[in-house]
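Read through the structure below, which is laid out as structure tokens, and then see the notes.
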Amino acid sequence: MSAQTGAVGILAGGGPLPARVAEAAAAAGRPVFILGFEGFAEPEVIAPWPHETVRLGAAGRMLSLLRAHGCTDLVLIGPIRRPSLRSLYPDAEGARILARLGRALFAGDDGLLAALVRLLGEEGFTVRGAHEFLAQSVARPGVLGGIVPDELAKADIQRGIQVVQALGRMDIGQGCVVQNGLVLAVEAMEGTDRMLARAGECRQPGDGGVLVKMLKPGQEKRADMPTIGPATVRNAHAAGLKGIAFEAGHTLMTDREACIAAADQAGLFLIAITPESFSD
């Protein structure tokens, strides 16, 4: 990336990570421009940076703004709920892009995101993963904080890995909650926080369960890496869980130190895992 001289265009959904990417890019000497998706990007997050807010269907305006601000590299970051086609109201360029996406529009999220990354490349942009800018937000394998998973939790992690890999191969979700070998909830389009709320409602007597978050097998991680933040830790605690396991090298932490502090305060473990280390 050091050889690049153009601006970094950040296509921003919700949460704090768009600003973190902007800070990292600026620190590396790159100009920054943020395109905030209307209804998703948080105004206070993108306000300090050169930015425009656009609706999802306005692809022509998006491309024009990115080119006008000299963007060569793009980062897609922050959660966005998948809209219905009827709600998009595409402009002329948006209609052309929807046609180019073709059947990918009706595929799972992975197929659509991979097609979008390819299409942006065809438009002359280089799509970068957020992890390329946020190296400190991606953990190496091991326990973070002062709480260590016990043997029962490790068995639940192993079970969770198997479940998430099966879900991922079907392009369903990136997470699940397991308690004493029982799958309490799996993540679909509702996202991690709502899944955790359901898991809390389904929690069985005895030791709390484990949240497992992982990249889907073969997933395009430049567009949708698993993410956890302090709110994830708080919601896991509220659901009665005793820890969170997430894939090392393939999960973004919105605020590493705050996550560790919240986990230690709640008595939850945080562990960055590799699937191989928990295989039979």
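The values are calculated or read from the model by the stated rules, or taken from the named source; none is laboratory data. Just so we're clear, the structure is a prediction, and the values are computed from it rather than from any experiment. A quick note on method: Cβ atoms are made from the backbone with ideal geometry, for glycine too, and the neighbour counts reach across all protein chains shown. Quick note on the areas: whole protein, heavy atoms, side chains included, nothing else; ligands and nucleic acids left out. Shrake-Rupley method; radii C 1.70, N 1.55, O 1.52, S 1.80 Å.
General remarks:
- Between ALA130, ALA236, ALA25, the residue with the greatest mean-square fluctuation in the GNM of the chain (Cα pairs under 10 Å linked by springs) is ALA25.
- With the simple model of a label 7 Å out from the Cα in the direction of the Cβ, ARG140 to THR274 spans 1.2 nm.
- Using alpha-carbon coordinates, inclination of helix 59-68 to the longest axis of the chain, degrees: 70 degrees
- Exposure ranking of ILE228, ILE172 by accessible area [1.4 Å probe, largest first]: ILE172, ILE228
- Alpha-carbon Debye profile of the range 142-278, log10 I(q)/I(0) at 0.11, 0.13, 0.15 Å⁻¹: -0.32, -0.45, -0.61
- Between the listed residues PRO149, PHE269, PRO18, the Cα displaced farthest toward the positive end of the dipole of the chain, a dipole computed from Cβ unit charges relative to the Cα centre, is found at PRO18.
- Cα long-axis angle, helix 109-122 against the chain (0 to 90 degrees, to the nearest 10): 30 degrees
- What the Kirkwood sum gives for the chain is a hydrodynamic radius of 19.5 Å, with every pair of different alpha carbons counted.
- Principal-axis tilt of helix 17-27 within the chain, Cα atoms, nearest 10 degrees: 60 degrees
- Comparing ILE147, ILE34, ILE244 in a Gaussian network model of the chain where C-alpha atoms under 10 Å apart are linked, the largest mean-square fluctuation is found at ILE147.
- Here is how the number arises for the chain: DSSP H runs of 4 or more residues each give -39500 (n - 2.57), the sum is divided by the residue count, and the result at 222 nm is -11000 deg cm²/dmol.
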